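The structure appears right after this line, and notes come after that.
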Amino acid sequence: NAETEAETITSNRIEGVHEQTVTADSITPDTKGGKYEVDARSEDIVLDKTQDKNITLTYKHYQYAVTTKGDAGVASLTETKVYDKGDNAQVSFTLNEGYQVKSVTDNGTDVTDKAKSGTYNITSIDKNHTVVVTTKKIKYTLSVQYIFPEGQKPATGFENYNESLDYGTQYDSYV
């Protein structure tokens with residue numbers, strides 16, 4: 001997303017001779033550390049000791065949004081924010097209890113390995129970014145093993161088993 005802003009550069013007086021031509025290209029633009037780019041320049045001027053004259057530079061100011069989205073397993077997430085071209089951004093997130101990261105994507109590209117710790121960094125922003133955090137419930141296996149004193153195991157009804165459960169799931173035993 002580029003916004004165009006016109007800005008008239010007022011600097012020290014240009015030294016020269018009456019009727020000397022000053023080219024717009026000879027004016028060094030202030031790009032604010034690369035956050036602006038010159039889009040257009042006014043025409044060259046001819047110095048005239050009887051008039052004030054300006055050279056106008058029109059800049060494009062590039063700004064990009066970093067949009068963040070998370071599913072029900074995400075407890076908190078950095079809010080969507082607009083950054084200047086070339087800035088760095090950090091997206092941070094925390095998960096609800098019982099959840100783990102399934103994936104983190106940036107504009108559809110998997111960046112999970114760079115973000116598993118709950119922080120994802122974007123450097124030298126030059127386009128819009130959409131960061132999506134997807135979670136899954138933590139799975140665990142409940143292993144039930146019946147142990148009886150030697151010789152006292154009933155003949156039927158007590159078989160060892162495993163039960164796959166989501167974190168926080170209520171377990172109803174077979175007995």
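If I filter the stretch 81-99 for residues that are among the polar types (S, T, N, Q), over 16 Å from Y64 (Cβ atoms) and without any contact (Cβ under 8 Å) to a residue 12 or more places away in the chain, do I get at least one hit?
No, the stretch 81-99 contains no residue that is among the polar types (S, T, N, Q), over 16 Å from Y64 (Cβ atoms) and without any contact (Cβ under 8 Å) to a residue 12 or more places away in the chain.
Within the stretch 158-168, can one find any residue that is part of a loop (DSSP other than H, G, I, E, B) and of a type in the set (S, T, N, Q)?
Yes, there is a match, as at least one residue in the stretch 158-168 is part of a loop (DSSP other than H, G, I, E, B) and of a type in the set (S, T, N, Q).
Go through the residues of the stretch 85-101 one by one and say whether even a single one is within 23 Å of T134 (Cα to Cα), aromatic (F, W, Y) and touching a Ser or Thr at 6+ places or on another chain (Cβ under 7 Å).
Yes: the stretch 85-101 contains one or more residues that are within 23 Å of T134 (Cα to Cα), aromatic (F, W, Y) and touching a Ser or Thr at 6+ places or on another chain (Cβ under 7 Å).
Residues in the stretch 27-37: is at least one in contact with a Lys or Arg (Cβ under 8 Å, 6 or more places away or on another chain), touching a residue at least 24 places away in the same chain (Cβ under 8 Å) and hydrophobic (A, V, I, L, M, F, W, C)?
The answer is yes; a qualifying residue exists.
Are there any pairs with C-beta distances below 7 angstrom linking a residue in the stretch 41-70 that is basic (K, R) to a residue that is surrounded by fewer than 18 Cβ atoms within 10 Å (Cβ to Cβ) and not in a strand (DSSP E or B), with the two at least 6 apart or on different chains, and if so which?
R41/A24; R41/D25; K49/H18
Let me confirm something: among D48, D52, which residue is surrounded by 11 or more Cβ atoms within 10 Å (Cβ to Cβ), at pLDDT 80 or above and either part of a loop (DSSP other than H, G, I, E, B) or in contact with a Gly (Cβ under 9 Å, 6 or more places away or on another chain) (or both)?
D48
Working carefully through the options S76, S117, find the one that is open to solvent by 40 Å² or more (accessible area, probe 1.4 Å), within 27 Å of G168 (Cα to Cα) and in contact with a Ser or Thr (Cβ under 9 Å, 6 or more places away or on another chain).
Residue meeting the stated conditions: S76.
Do you know which of the residues in the stretch 146-158 that are in contact with a Phe, Trp or Tyr (Cβ under 9 Å, 6 or more places away or on another chain) and more than 18 Å from D172 (Cβ to Cβ) is most open to solvent (accessible area, probe 1.4 Å)?
So, considering only residues that are in contact with a Phe, Trp or Tyr (Cβ under 9 Å, 6 or more places away or on another chain) and more than 18 Å from D172 (Cβ to Cβ), the one most open to solvent (accessible area, probe 1.4 Å) is K153.
Restricted to the stretch 116-156, and to residues that are more than 42 Å from the chain's Cα centre (by Cα), part of a loop (DSSP other than H, G, I, E, B) and in contact (Cβ under 8 Å) with a residue 12 or more places away in the chain, which residue is farthest from Y64 (Cα to Cα)?
It comes out as Y146.
Is it true that some residue in the stretch 126-133 is open to solvent by 60 Å² or more (accessible area, probe 1.4 Å) and touching a helix residue (DSSP H, G or I) at 6+ places or on another chain (Cβ under 9 Å)?
No, the stretch 126-133 has no match at all.
The values are calculated or read from the model by the stated rules, or taken from the named source; none is laboratory data. Owing to the predicted nature of the structure, the values given are computational and were not obtained by experimental measurement. Cβ atoms come from the backbone with ideal geometry, glycine included; neighbour counts cover every protein chain shown. With ligands, DNA and RNA removed, areas are computed over all heavy atoms of the protein, side chains included. Shrake-Rupley method; radii C 1.70, N 1.55, O 1.52, S 1.80 Å.
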